[in-house]
Amino acid sequence: MDEPHADPRDELFEIATSVRALVEWYDGTGAWGLPLAPARGQVEPAYPAAEPHEAPPPNPRAPAPPAERRPAPSDATFAQPAQFTPPPERAPAPQFTPQFTPPAPPAERPQRAAVARPEARTPEARIEQLRVLASEVASCTRCGLADRRTQTVFARGNPISELCFVGEGPGAEEDLQGEPFVGPAGQLLDKMIAAMGYRPGEVYICNIVKCRPPENRKPQPEEMDACKGYLAAQIELVRPKYIVALGATAIQGLLGTTEGITKLRGKWKMYRGIPVMPTFHPAYLLRQPSAKREVWTDLQEVMARLGKKPPARG
Ligand code: URA
């Protein structure tokens with residue numbers, strides 16, 4: 001989807017830049033070696049899109065790994081409409097999220113209003129700025145959610161992806177693992193993403209609020225407000241071509257609207273110059289599987305704009 005290069009040296013420069021960004025990203029995650037090439041026929045992720053790889057080997061210096069993800073519940077299969085076969089099972093998504101330092105003890109509120117400035121232009125500068133932003137978020141005490149979180153939950157996936165999914169806020173599992181959408185709703189979201197023709201880790205996934213609201217309640221307006229500068233900076237650095245807003249809170253947090261998701265879904269909106277497709281949250285689909293058909297229609301709108309096709313059958 002990128003413009004063809006008139007001069008092959010430009011393309012070479014761009015490839016070299018991407019490879020450098022990838023290596024720096026690995027470095028930032030605490031990886032201490034580069035991934036091996038995949039075995040033939042092995043399903044494995046791409047990051048960035050042109051660089052298939054496996055998750056890095058365990059780093060003896062890194063903090064203890066997060067708990068195993070729960071297997072998807074059997075009824076969580078993302079059933080596509082008749083013309084589409086669900087993709088085969090695959091390995092869990094790799095963890096590309098920056099390692100967060102444990103949150104600092106809560107300080108006086110409000111904290112300084114600093115948010116990393118997204119002036120970075122090159123992919124590696126954007127990735128570096130995202131890392132800075134993630135560590136800033138990790139010690140945030142701008143709202144009461146900081147008091148009860150285990151850790152902040154910044155993002156997972158490709159930080160320079162063309163497509164970004166925005167959810168509501170971390171749940172219990174996300175709070176423990178430090179990554180968004182790793183619980184049952186996340187398992188379904190991963191199936192939706194695979195159904196769109198993306199490999200694991202190829203898209204960027206984040207939330208309106210970065211800390212778990214207690215008892216999984218909806219984040220309050222002041223909590224969304226406290227986090228909205230972080231989200232704006234995050235999206236400006238990722239620079240996705242399109243955003244998918246998952247559920248009412250996501251679209252309300254992005255646009256400030258109070259309209260319900262049933263009215264908004266399937267209709268393009270704009271967030272800071274980026275087209276946004278609102279659709280139902282995967283947690284809602286777990287309760288209401290018949291709504292998968294509408295979600296698939298919405299995702300197909302996005303796929304059409306991005307030139308994506310569902311993976312071939314077989
Ligand atoms: N629901 C969300 O909106 N975000 C998560 O990260 C997990 C569940």
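The values are calculated or read from the model by the stated rules, or taken from the named source; none is laboratory data. None of the values given here were measured: they were computed from a predicted structure. So basically every Cβ, Gly included, is an ideal-geometry build from the backbone, and we count neighbours across all protein chains shown. Each accessible area value is taken on the protein alone, full model and side chains, heavy atoms only, with ligands, DNA and RNA left out. Shrake-Rupley method; radii C 1.70, N 1.55, O 1.52, S 1.80 Å.
Would you check if there is a residue in the stretch 200-210 being away from the ligand (no atom under 13 Å from the Cβ), modelled with pLDDT under 95 and in a loop (DSSP other than H, G, I, E, B)? Checked the stretch 200-210: at least one residue is away from the ligand (no atom under 13 Å from the Cβ), modelled with pLDDT under 95 and in a loop (DSSP other than H, G, I, E, B).
Residues that are open to solvent by 80 Å² or more (accessible area, probe 1.4 Å) and assigned to a helix (DSSP H, G or I) within the stretch 255-303 comprise T262, K263, R287, S290, R293, E301, listed in sequence order. Applying the set (1) hydrophobic (A, V, I, L, M, F, W, C); (2) more than 14 Å from the ligand (Cβ to nearest atom); (3) in contact with a helix residue (DSSP H, G or I) (Cβ under 8 Å, 6 or more places away or on another chain) to A232 leaves exactly one unmet item: (3). Applying the condition of being surrounded by fewer than 24 Cβ atoms within 10 Å (Cβ to Cβ) and not hydrophobic (A, V, I, L, M, F, W, C) to the stretch 146-158 and asking which residue is farthest from the ligand (Cβ to nearest atom) yields D147. Of all the criteria given as (1) within 15 Å of the ligand (Cβ to nearest atom); (2) touching a residue at least 12 places away in the same chain (Cβ under 8 Å), the one not satisfied by E215 is (2). A single member of L254, L264, L246 is of a type in the set (A, V, I, L, M), in contact with a strand residue (DSSP E or B) (Cβ under 7 Å, 6 or more places away or on another chain) and farther than 20 Å from G186 by Cβ, and it is L264. If you go through the stretch 238-248 and pick out every residue that is assigned to a helix (DSSP H, G or I) and closer than 10 Å to F280 by Cα, you end up with 1. All of A134, A116 fail the test of being buried (at least 20 other Cβ atoms within 10 Å of the Cβ) and modelled with pLDDT under 95, apart from A116.
Filtering the stretch 174-199 to residues that are within 12 Å of the ligand (Cβ to nearest atom), assigned to a helix (DSSP H, G or I), open to solvent by less than 30 Å² (accessible area, probe 1.4 Å) and touching a helix residue (DSSP H, G or I) at 6+ places or on another chain (Cβ under 7 Å) leaves A185, L188, L189. Taking M224, is it in a helix (DSSP H, G or I), buried (at least 21 other Cβ atoms within 10 Å of the Cβ), free of Cβ contacts under 8 Å to residues at least 40 places away in the same chain and of a type in the set (A, V, I, L, M, F, W, C)? Considered against the rule, which asks whether it is in a helix (DSSP H, G or I), buried (at least 21 other Cβ atoms within 10 Å of the Cβ), free of Cβ contacts under 8 Å to residues at least 40 places away in the same chain and of a type in the set (A, V, I, L, M, F, W, C), M224 comes out as yes.
Quick check: anything in the stretch 159-167 away from the ligand (no atom under 14 Å from the Cβ), in contact with a Pro (Cβ under 6 Å, 6 or more places away or on another chain) and part of a strand (DSSP E or B)? Within the stretch 159-167 (the criterion being away from the ligand (no atom under 14 Å from the Cβ), in contact with a Pro (Cβ under 6 Å, 6 or more places away or on another chain) and part of a strand (DSSP E or B)), the answer is yes, since at least one residue qualifies.
When we screen L306, L246 for residues that are open to solvent by less than 10 Å² (accessible area, probe 1.4 Å) and over 25 Å from A120 (Cβ atoms), the only hit is L246.
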